[in-house]
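The values are calculated or read from the model by the stated rules, or taken from the named source; none is laboratory data. What you are looking at is a predicted structure, and each value in this text was computed from that prediction instead of being measured. Positions of Cβ are backbone-derived with ideal geometry, glycine not excepted, and every protein chain shown enters the neighbour counts. SASA here: full protein model, heavy atoms, side chains in, ligands and nucleic acids out. Shrake-Rupley method; radii C 1.70, N 1.55, O 1.52, S 1.80 Å.
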There are 2 protein chains.
Amino acid sequence: MTAIDFAAFVDELATLAGETILPFFRTHIGAEDKSRGGVFDPVTEADRAAEAAMRRRIGEAFPAHGVIGEEYGSDRPDADYVWVLDPIDGTKSFISGLPLWGTLIGLMHKGRPVYGMMAQPFTRERFYGDGAAASWRGYPARGSDMSSTRVLRVRECACLAEATIMTTSPMLFAEAEREAYRRVEEKTRLLRYGGDCYAYCMLASGFIDVIVEAGLKPHDIVALTPIIEGAGGIVTTWEGSDAAKGGRIIAAGDRRVYDEAIRLLA
Amino acid sequence: MTAIDFAAFVDELATLAGETILPFFRTHIGAEDKSRGGVFDPVTEADRAAEAAMRRRIGEAFPAHGVIGEEYGSDRPDADYVWVLDPIDGTKSFISGLPLWGTLIGLMHKGRPVYGMMAQPFTRERFYGDGAAASWRGYPARGSDMSSTRVLRVRECACLAEATIMTTSPMLFAEAEREAYRRVEEKTRLLRYGGDCYAYCMLASGFIDVIVEAGLKPHDIVALTPIIEGAGGIVTTWEGSDAAKGGRIIAAGDRRVYDEAIRLLA
């Protein structure tokens with residue numbers, strides 16, 4: 001069974017998550033603060049309900065598979081196939097009404113991300129890839145079959161001086177990390193903050209050239225890795241190792257930009 | 001003739017602009033740099049084509065009206081009725097593929113903003129108001145009449161410590177302004193960068209509590225003023241005067257947050 005066989009099932013999970021989450025978006029349901037006096041880290045009922053729904057469906061369809069989720073932790077994390085779920089990546093955008101959050105659904109096989117999807121139910125978009133190819137699909141109308149599909153491809157960019165950079169927020173870096181990040185940022189041509197998972201999808205789509213972040217969890221990046229790589233991009237830790245464990249992450253569309261940024265981050 | 005009579009005409013302009021702009025969004029058409037060695041300030045063909053189309057339509061329907069546009073300057077700015085247009089507010093979001101830009105269409109009567117719309121054709125949303133009320137309309141499908149409408153209302157917020165703040169970028173402030181802005185930002189609970197016109201609409205929708213910006217042009221704020229005020233919010237300069245001329249702008253949903261922020265900005 002190859003990774004691509006899971007595509008229809010991932011679509012089913014994304015639909016399930018979207019139907020669960022969307023009624024909560026732009027409603028005035030209070031967000032709970034799950035951090036203990038630290039950074040404001042809201043989590044909605046939607047987040048939990050969507051993860052529970054996806055886990056239930058995975059358990060029915062693939063009882064031997066493992067699941068790692070943002071909300072409900074790990075089940076069988078040592079299984080051959082492990083699903084990595086973040087129902088609402090970008091909860092701060094979500095509670096601010098901004099459509100830049102997304103549902104992340106990743107599949108790992110023996111520790112390697114083999115399929116991933118970012119689904120945005122408000123804009124009705126899905127970005128997905130298997131490491132070899134990546135695509136975008138838009139749904140013009142609810143319940144309509146008239147979806148349109150595009151191949152995703154990163155763009156060429158010769159150097160940071162010609163690059164657009166994104167990071168979710170400079171506040172999310174520890175101080176030494178922020179200095180390293182600033183060395184990259186100050187070389188670039190255009191800067192956009194915010195974005196979370198949406199930024200990585202714009203990199204895969206060829207509109208953003210480099211993303212530098214820190215403190216990511218596996219569920220923040222596993223689903224995005226096969227999309228970025230499938231679109232011809234690179235995603236690793238700042239040290240150049242496997243991104244799947246999270247931590248300090250760099251993604252770039254063009255290896256020249258990646259190499260230049262990695263040197264500045266070191 | 002009251003401002004509300006123009007609502008259907010503004011919808012027509014927004015449709016014209018959206019149909020002109022949308023084919024350029026997320027395509028790899030190069031953005032031109034119109035600044036002279038300064039801040040990167042891209043402008044697309046879409047921006048110009050949409051403004052030209054709207055100006056043409058206004059000229060046909062209301063030849064005595066004035067028009068002030070981001071791209072093509074002022075015609076009859078001293079007329080009783082003056083249209084204030086920004087076809088793509090948020091060009092940096094636009095060229096980065098992010099759906100946070102919007103078409104701003106404002107109408108002034110004897111120097112006072114009396115009607116405004118922010119239209120986002122990719123997410124198929126329109127936010128509009130006349131200073132007394134404001135609404136949101138979503139279009140589920142292209143060509144469908146199944147639109148849904150909601151009344152927009154700011155939310156209560158007792159103080160900055162409970163507030164979500166947005167600003168397009170801290171880099172857009174001059175140094176003294178940035179210090180003033182930081183005094184406000186550091187009191188708030190949650191911070192989101194980016195957003196441009198979309199941020200003001202989220203304030204009118206009750207998801208953002210305060211926005212602080214500087215260097216705005218009339219076309220950045222005139223269309224948004226009747227939406228913010230119609231939803232019960234406040235928008236002025238940092239000195240508390242009329243926002244319609246642009247400059248250093250603060251918007252807030254709750255007067256308590258506005259008063260606290262104004263003191264810190266002074």
When residue A:170 is evaluated against the numbered criteria (1) at pLDDT below 90; (2) over 21 Å from the mean Cα position of the chain (by Cα), which criterion, by number, is the only one it fails? (2)
Quick one: is residue B:147 within 25 Å of residue B:22 (Cα to Cα) and modelled with pLDDT of 90 or more? no
Residue B:55: passes all of (1) more than 14 Å from chain A (Cβ to nearest Cβ); (2) assigned to a strand (DSSP E or B) but (2)
Which of the residues belonging to the stretch B:150-167 are open to solvent by 20 Å² or more (accessible area, probe 1.4 Å) and at pLDDT 95 or above? B:151, B:153, B:154, B:155, B:156, B:158, B:159, B:161, B:162
Among the strands (runs of 3 or more DSSP E) confined wholly to the stretch B:144-229, which include 3 or more residues that are free of Cβ contacts under 8 Å to residues at least 60 places away in the same chain and more than 12 Å from chain A (Cβ to nearest Cβ)? B:210-216
If you go through the stretch B:181-206 one residue at a time, how many are farther than 18 Å from residue A:170 by Cα and at pLDDT 95 or above? 10
Conditions (1) without any contact (Cβ under 8 Å) to a residue 60 or more places away in the chain; (2) open to solvent by 10 Å² or more (accessible area, probe 1.4 Å); (3) at the interface with chain A (Cβ under 10 Å from one of its Cβ atoms); number of the one not met by residue B:78: (3)
Would it be correct to say that residue B:87 is open to solvent by less than 10 Å² (accessible area, probe 1.4 Å) and away from every other protein chain (no Cβ under 14 Å)? yes
Considering (1) modelled with pLDDT of 95 or more; (2) open to solvent by less than 60 Å² (accessible area, probe 1.4 Å); (3) within 19 Å of the chain's Cα centre (by Cα), say which one residue A:12 fails and leave the rest. (2)
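State yes or no: is residue A:255 surrounded by fewer than 22 Cβ atoms within 10 Å (Cβ to Cβ) and modelled with pLDDT of 95 or more?
yes
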Name, by its number, the condition in (1) in contact with a Lys or Arg (Cβ under 6 Å, 6 or more places away or on another chain); (2) farther than 21 Å from residue B:125 by Cα; (3) open to solvent by less than 30 Å² (accessible area, probe 1.4 Å) that does not hold for residue B:188. (1)
Taking the stretch A:90-110 as the search range and keeping residues that are in contact (Cβ under 8 Å) with a residue 40 or more places away in the chain and away from chain B (no Cβ under 14 Å), which one is nearest to the chain's Cα centre (by Cα)? A:104
Check off (1) in contact with a helix residue (DSSP H, G or I) (Cβ under 9 Å, 6 or more places away or on another chain); (2) open to solvent by less than 10 Å² (accessible area, probe 1.4 Å); (3) closer than 23 Å to residue A:95 by Cα for residue B:180 and give me the number that stays unchecked. (3)
How about the stretch A:111-144: which of its residues are within 15 Å of the chain's Cα centre (by Cα) and either at pLDDT below 95 or of a type outside the set (A, V, I, L, M, F, W, C) (or both)? A:113, A:115, A:116, A:120, A:121, A:125, A:126, A:128, A:129, A:130, A:131, A:135
